[in-house]
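Engineer: Let me give you the structure first, and then I'll get to my questions.
Any read-out appearing in this document is the output of simple, stated calculations on the displayed coordinates, not a laboratory observation. Every value quoted in this text rests on a predicted model; they were computed, and no experiment measured them. Because the Cβ atoms are built from the backbone with ideal geometry, glycine has one as well, and the counts that use them run over all protein chains shown.
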Amino acid sequence: EPEVTQTPSHQVTQMGQEVILRCVPISNHLYFYWYRQILGQKVEFLVSFYNNEISEKSEIFDDQFSVERPDGSNFTLKIRSTKLEDSAMYFCASRRGGNEKLFFGSGTQLSVL
Amino acid sequence: ELKVEQNPLFLSMQEGKNYTIYCNYSTTSDRLYWYRQDPGKSLESLFVLLSNGAVKQEGRLMASLDTKARLSTLHITAAVHDLSATYFCAVVESGGGADGLTFGKGTHLIIQP
């Protein structure tokens with residue numbers, strides 16, 4: 001079964017450093033998302049992306065965050081200057097369209113020291 | 001602001017018993033999802049519910065949606081240990097082009113032999 005793949009699975013960084021989290025959505029999907037989950041808490045929406053532009057973003061997704069689809073397969077989340085509170089599991093998700101299921105990747109655990 | 005509330009948040013039950021998890025949400029919604037998450041793992045899509053009165057079943061799990069009451073239920077029949085996990089409901093708000101999911105806090109389910 002096709003799946004959303006994310007790399008790396010774990011990322012450790014120093015506060016103030018830039019990180020890029022990478023995702024390869026399912027190939028015929030058109031809608032792409034980033035979510036995060038702080039340990040033991042609920043999953044939070046960050047941003048959705050469709051037709052090469054952001055379609056919706058949450059309050060969490062401030063100027064420190066950006067997303068890009070640099071080619072036909074990758075979808076990236078960049079955090080420009082990481083803060084301690086950015087430590088979380090970051091999930092990429094994709095769906096084909098309409099009212100179809102939203103598939104999540106296995107996540108990148110980001111630890112900011 | 002859309003609020004999604006699940007109850008109970010913790011549930012310990014014995015194998016063979018039936019139980020229901022409830023998900024209430026505060027505004028009108030286009031779509032409601034149920035997900036399962038095992039510890040340290042990603043989110044596995046269980047159901048997408050789109051319309052009032054929708055009912056979907058997969059194995060021992062059955063989900064339903066009442067849009068008038070803004071309530072969805074996830075019913076577990078004759079529980080088995082393998083169903084131990086955290087279950088999340090997530091809702092997309094109607095209108096305005098909203099696309100991000102708002103998640104509940106999750107129901108941590110333990111099924112004991």
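Engineer: Which ³J(HN,Hα) values in Hz, rounded to whole numbers, follow from the phi angles of the stretch B:65-78 under the Karplus curve 6.51 cos²θ - 1.76 cosθ + 1.60, where θ = phi - 60° and Gly and Pro get x?
Structural biologist: Computed from phi, the couplings for the stretch B:65-78 are 9, 10, 6, 5, 7, 6, 9, 10, 10, 10, 9, 10, 10, 6 Hz.
Engineer: Viscosity 0.890 mPa s, temperature 25 °C: Stokes-Einstein D of the stretch A:19-113 from its Kirkwood Cα radius, in µm² per second? Write out the running numbers ahead of the final one.
Structural biologist: On the way: Rh = 13.5 Å.
Value of D from the Cα-based Kirkwood radius: 182 µm²/s.
Engineer: Mind jotting down a quarter of the surface of the convex hull over the alpha carbons of chain B, in square nanometres, one decimal? Before the final figure, lay out each step's value.
Structural biologist: Details: hull surface 26.7 nm².
Taking the Cα atoms of chain B, their convex hull projects to 6.7 nm² on average.
Engineer: Also, I was wondering about something else. Which aspartates and glutamates does B:K17 reach when only Cα atoms under 18 Å apart count, and residues fewer than 8 places away in its own chain are ignored?
Structural biologist: Output for B:K17: B:E58, B:D82.
Engineer: Any idea what the dipole of chain A comes to, in debye rounded to 20, about its Cα centre with Lys/Arg Cβ at +1 and Asp/Glu Cβ at -1? The partial results should precede the final answer.
Structural biologist: Working: 11 positive and 14 negative charges, 34 e Å.
Here chain A has a charge dipole of around 160 debye.
Engineer: Further question on the same structure: Return the loop-located trypsin sites (Lys or Arg not before Pro) in the stretch B:9-113 (DSSP other than H, G, I, E, B) with at most 10 other Cβ atoms within 10 Å of their own Cβ; answer none if there are none. Could the numbers behind the result be given before it?
Structural biologist: Numbers: sites: B:K17, B:R31, B:R36, B:K41, B:K56, B:R60, B:K68, B:R70, B:K105; in loops: B:K17, B:K41, B:R60, B:K68, B:R70, B:K105.
Of the trypsin sites (Lys or Arg not before Pro), the ones in loops of the stretch B:9-113 whose Cβ has at most 10 other Cβ atoms within 10 Å are B:K68.
Engineer: In the structure displayed, which of A:K101/B:K68; A:K42/B:K41; A:K101/B:K56; A:K78/B:K41 lie more than 18 Å apart, Cα to Cα? Could you put the intermediate results ahead of the total?
Structural biologist: Working: A:K101/B:K68 23 Å; A:K42/B:K41 14 Å; A:K101/B:K56 13 Å; A:K78/B:K41 22 Å.
In this structure, A:K101/B:K68; A:K78/B:K41 exceed 18 Å between Cα atoms.
Engineer: What list of ³J(HN,Hα) couplings, whole Hz, do you get for the stretch A:96-113 from phi and the Karplus terms 6.51, -1.76, 1.60, once you set θ to phi - 60° and write x for glycine and proline?
Structural biologist: Computed from phi, the couplings for the stretch A:96-113 are 6, x, x, 10, 7, 4, 9, 9, 9, x, 7, x, 10, 7, 9, 10, 9, 9 Hz.
Engineer: Considering only DSSP beta bridges with both partners in the protein assembly as shown, what is the antiparallel share in %, to the nearest 5? Walk me through the numbers before you get to the answer.
Structural biologist: On the way: 74 of 83 bridges.
Bridges in the protein assembly as shown are about 90 percent antiparallel.
Engineer: Just tell me how shielded B:99-110 is by partners: mean number of partner chain Cβ atoms within 10 Å of each residue's Cβ, no decimals.
Structural biologist: Details: counts 11, 13, 8, 5, 7, 2, 4, 5, 0, 1, 0, 0.
Mean partner shielding for this stretch: 5.
Engineer: Quick one: putting +1 on the C-beta of Lys and Arg, -1 on the C-beta of Asp and Glu, what dipole do you get for the stretch B:30-113 around its Cα centre, in Debye to the nearest 20? All intermediate terms of the calculation are to be shown ahead of the outcome.
Structural biologist: Numbers: 8 positive and 8 negative charges, 33 e Å.
The calculation lands at about 160 debye.
Engineer: Okay, moving on. Can you compute the modelled spin-label distance between A:N74 and B:A78, with each label point 7 Å from Cα toward Cβ, in nm?
Structural biologist: Inter-label distance under the simple model: 5.0 nm.
Engineer: Given +1 on the Cβ of Lys and Arg, -1 on the Cβ of Asp and Glu, and no further charges, what dipole in debye does the protein assembly as shown carry about its Cα centre, rounded to the nearest 20?
Structural biologist: Details: 21 positive and 25 negative charges, 82 e Å.
So the dipole magnitude of the protein assembly as shown works out to roughly 400 debye.
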